[in-house]
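Below you'll find the structure, written out as structure tokens, and then a few comments.
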């Protein structure tokens, strides 16, 4: 698994590995004035309902003359940055952090807080530079080392480990180093090393660290130890029942373990507990797979449509969407999704298997149409599928699959009467099977039976009899061949 995929998984579970809590040196000995605190609260409240209005309110706030004097203080700016950071207003936090840092570039709380804001903005290079500056400003503060190591895993993972070695030298008995190392090994895709680091951390740490246990459960999921991950989730979920990532992880693990009823219950809780904006494409992909298991086709389609809207670049989602559309008979949509799947999974290639699958989609959707009012649609699907199978026949000239599927899909239009073009296709199949071993006898019988049926319907009983005998030479108990011979015997009486 690539680092990019691992990072996406980390984001999916809302992880922030290794971020140390504020230390004494990061404490700000200052209290915001009631007026300034209220102005900050108002911006936060407005932003929850209208982000643009919140930004405009913030723009007015930073130039408001009545706050000018207080906002010249590094302490006030740092605390304001933290308030916005805590509320999830990262842009506003970063601006207040920048002002605090520019006011006093050696002030440890401002350096760390501004770094935290840039970290949340995913400006990892800038954040790492600030944490390095914090190490210089306060070389005995472990939070700077841990945060520096954490952010450097996105910039230079090897340097992260170097920082942790410095940390280990300064704080030889601190278990946090193993937690941080677990995070970095995880990002480097050294999953076994990550597990060992976390095991050491849990053995040394005497308290209860729910965050670390959650991270450990996620790593077990990534290692495909789904039962171990589920056991860990079940142990800690009662202590944090409203955790988005824990509820998500429980659902994922139950799906991977194929525990359908458990997954159904976990999915109902997960999808009813959080805002729609918090769900991601993988959530809906698993929901679509669950719907397929429960034979809820409507939910399967809806789920994969949501997943594809959120993550159109994921091959497995496009494949799931194609299969969902196929189940409801939407052949053209199914083929379009399957083409997208191929573009992602096999970029620049046009494989015979991919062409075959697209033709099979049209075949399945055409065969499923029984309503006479939709026979025009059935004909349309048959013609589209036959065109694709014809392309396959040309692509793979030694393969029997192209002509065989052409025969099969054309037969849908009139299964009770022989079709000349179908007979021609089966003759090609039989020729292409020449020299192949007995494992292809099922395909041979299909060709021979159709020929027997063809000649029987044409009243050429001698030819029909010959083909039936060829079938029975392969399979003495073939019912249709026997029935045709019996019918011929009756007609000749």
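The values are calculated or read from the model by the stated rules, or taken from the named source; none is laboratory data. Everything numeric here is computed off the predicted structure, so don't read it as measured data. When we count neighbours, we look across all protein chains shown, and the Cβ atoms used for this are built from the backbone with ideal geometry, even at glycine.
Restricting to segment 39-56, what's the tally of residues that are surrounded by 17 or more Cβ atoms within 10 Å (Cβ to Cβ) and either in contact (Cβ under 8 Å) with a residue 12 or more places away in the chain or under 18 Å from residue 71 (Cα atoms) (or both)? Lay out the reasoning, then the answer.
First pass over segment 39-56, keeping only residues surrounded by 17 or more Cβ atoms within 10 Å (Cβ to Cβ): 39-40, 43-44, 46-47, 54.
Those still in the list that are either in contact (Cβ under 8 Å) with a residue 12 or more places away in the chain or under 18 Å from residue 71 (Cα atoms) (or both) too: 39-40, 43-44, 47, 54.
Number of matching residues: 6.
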**Complete:** Over segment 73-120, the set of residues closer than 21 Å to residue 59 by Cβ, outside any helix (DSSP H, G or I) and in contact (Cβ under 8 Å) with a residue 12 or more places away in the chain is 73, 87, 89
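Quick one: count up the residues across segment 229-261 that are closer than 22 Å to residue 289 by Cα and in contact with a helix residue (DSSP H, G or I) (Cβ under 7 Å, 6 or more places away or on another chain). Step through it out loud before you land on a result.
Let us first name the residues in segment 229-261 that are closer than 22 Å to residue 289 by Cα, namely 229-230, 233, 244-261.
Next cut, in contact with a helix residue (DSSP H, G or I) (Cβ under 7 Å, 6 or more places away or on another chain) only: 229-230, 233, 244-257, 260.
The total comes to 18.
Restricting attention to segment 183-202, report how many residues are touching a residue at least 40 places away in the same chain (Cβ under 8 Å) and in a loop (DSSP other than H, G, I, E, B). Write out each step before concluding.
First, pick out the residues of segment 183-202 that are touching a residue at least 40 places away in the same chain (Cβ under 8 Å): 183-184, 186-189.
Subsequent filtering for residues that are in a loop (DSSP other than H, G, I, E, B) retains 188-189.
The total comes to 2.
Is it true that residue 295 is touching a helix residue (DSSP H, G or I) at 6+ places or on another chain (Cβ under 9 Å), over 19 Å from residue 242 (Cβ atoms) and surrounded by fewer than 20 Cβ atoms within 10 Å (Cβ to Cβ)?
Numbers: touching a helix residue (DSSP H, G or I) at 6+ places or on another chain (Cβ under 9 Å): no; over 19 Å from residue 242 (Cβ atoms): yes; surrounded by fewer than 20 Cβ atoms within 10 Å (Cβ to Cβ): yes.
It is false that residue 295 is touching a helix residue (DSSP H, G or I) at 6+ places or on another chain (Cβ under 9 Å), over 19 Å from residue 242 (Cβ atoms) and surrounded by fewer than 20 Cβ atoms within 10 Å (Cβ to Cβ).
In this structure, does residue 481 turn out to be surrounded by 18 or more Cβ atoms within 10 Å (Cβ to Cβ) and closer than 28 Å to residue 350 by Cβ? Steps first, please.
On the way: surrounded by 18 or more Cβ atoms within 10 Å (Cβ to Cβ): yes; closer than 28 Å to residue 350 by Cβ: no.
No.
With the condition kept exactly as written, say whether any residue in segment 398-407 is under 30 Å from residue 302 (Cβ atoms) and either in contact (Cβ under 8 Å) with a residue 24 or more places away in the chain or part of a loop (DSSP other than H, G, I, E, B) (or both). Explain how you work it out, then say what you get.
Of all residues in segment 398-407, those under 30 Å from residue 302 (Cβ atoms) come to none.
There is no residue in segment 398-407 that is under 30 Å from residue 302 (Cβ atoms) and either in contact (Cβ under 8 Å) with a residue 24 or more places away in the chain or part of a loop (DSSP other than H, G, I, E, B) (or both).
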**Request:** Could you list, in sequence order, all residues of segment 381-397 that are surrounded by fewer than 16 Cβ atoms within 10 Å (Cβ to Cβ) and assigned to a loop (DSSP other than H, G, I, E, B)?
**Result:** 397
**Asked** If you go through segment 454-477 one residue at a time, how many are closer than 23 Å to residue 421 by Cα and part of a helix (DSSP H, G or I)?
**Response** 14
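To keep it simple, each residue is scored yes or no on (1) more than 16 Å from the chain's Cα centre (by Cα); (2) part of a loop (DSSP other than H, G, I, E, B).
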{"position": "312", "(1), (2)": "no, yes"}
{"position": "320", "(1), (2)": "no, no"}
{"position": "335", "(1), (2)": "yes, no"}
{"position": "341", "(1), (2)": "no, no"}
{"position": "344", "(1), (2)": "no, no"}
{"position": "347", "(1), (2)": "yes, yes"}
{"position": "361", "(1), (2)": "yes, no"}
{"position": "365", "(1), (2)": "yes, no"}
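Rundown of residues vs (1) more than 34 Å from the chain's Cα centre (by Cα); (2) modelled with pLDDT of 95 or more, yes/no style:
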{"site": "21", "(1), (2)": "no, no"}
{"site": "24", "(1), (2)": "yes, no"}
{"site": "37", "(1), (2)": "yes, yes"}
{"site": "46", "(1), (2)": "no, yes"}
{"site": "76", "(1), (2)": "yes, yes"}
**Message:** Go through (1) on the phi > 0 side of the Ramachandran plot; (2) without any contact (Cβ under 8 Å) to a residue 24 or more places away in the chain for residue 224 and report which single condition fails.
**Reply:** (2)
**Request:** Test each condition in (1) in contact with a helix residue (DSSP H, G or I) (Cβ under 7 Å, 6 or more places away or on another chain); (2) under 30 Å from residue 332 (Cα atoms) for residue 397 and report the one that comes out false.
**Result:** (1)
**Request:** Look through segment 454-478, keep the residues that are closer than 19 Å to residue 431 by Cα and out of contact with any helix residue (DSSP H, G or I) (no Cβ under 7 Å at 6 or more places or on another chain), and return whichever of them is surrounded by the fewest Cβ atoms within 10 Å (Cβ to Cβ).
**Result:** 473
**Request:** Mind telling me which of the residues 136, 151 ends up being part of a helix (DSSP H, G or I) and either closer than 25 Å to residue 182 by Cβ or modelled with pLDDT under 90 (or both)?
**Result:** 151
**Asked** So which residues in segment 203-245 are within 15 Å of residue 179 (Cα to Cα) and part of a loop (DSSP other than H, G, I, E, B)?
**Response** 205, 206, 207, 208, 209
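Look at residue 148 and say whether it is surrounded by 22 or more Cβ atoms within 10 Å (Cβ to Cβ) and under 30 Å from residue 38 (Cα atoms).
On the way: surrounded by 22 or more Cβ atoms within 10 Å (Cβ to Cβ): yes; under 30 Å from residue 38 (Cα atoms): no.
It is false that residue 148 is surrounded by 22 or more Cβ atoms within 10 Å (Cβ to Cβ) and under 30 Å from residue 38 (Cα atoms).
Could you tell me whether segment 164-179 includes any residue that is under 26 Å from residue 251 (Cα atoms), under 28 Å from the mean Cα position of the chain (by Cα) and surrounded by 15 or more Cβ atoms within 10 Å (Cβ to Cβ)? Reasoning before the result, please.
Narrowing segment 164-179 to residues under 26 Å from residue 251 (Cα atoms): 179.
Narrowing the set further to residues that are under 28 Å from the mean Cα position of the chain (by Cα) leaves 179.
Filter once more, keeping what is surrounded by 15 or more Cβ atoms within 10 Å (Cβ to Cβ): 179.
There is at least one residue in segment 164-179 that is under 26 Å from residue 251 (Cα atoms), under 28 Å from the mean Cα position of the chain (by Cα) and surrounded by 15 or more Cβ atoms within 10 Å (Cβ to Cβ).
I'm trying to understand the selection: among the residues of segment 257-284, which are in a helix (DSSP H, G or I) and either touching a strand residue (DSSP E or B) at 6+ places or on another chain (Cβ under 6 Å) or buried (at least 16 other Cβ atoms within 10 Å of the Cβ) (or both)? Even if it seems obvious, please write down each step before you answer.
Of segment 257-284, the ones in a helix (DSSP H, G or I) are 260-273, 276-278, 281-284.
Within segment 257-284, 262, 263, 264, 266, 267, 270, 271, 281, 282, 283, 284 meet the criteria.
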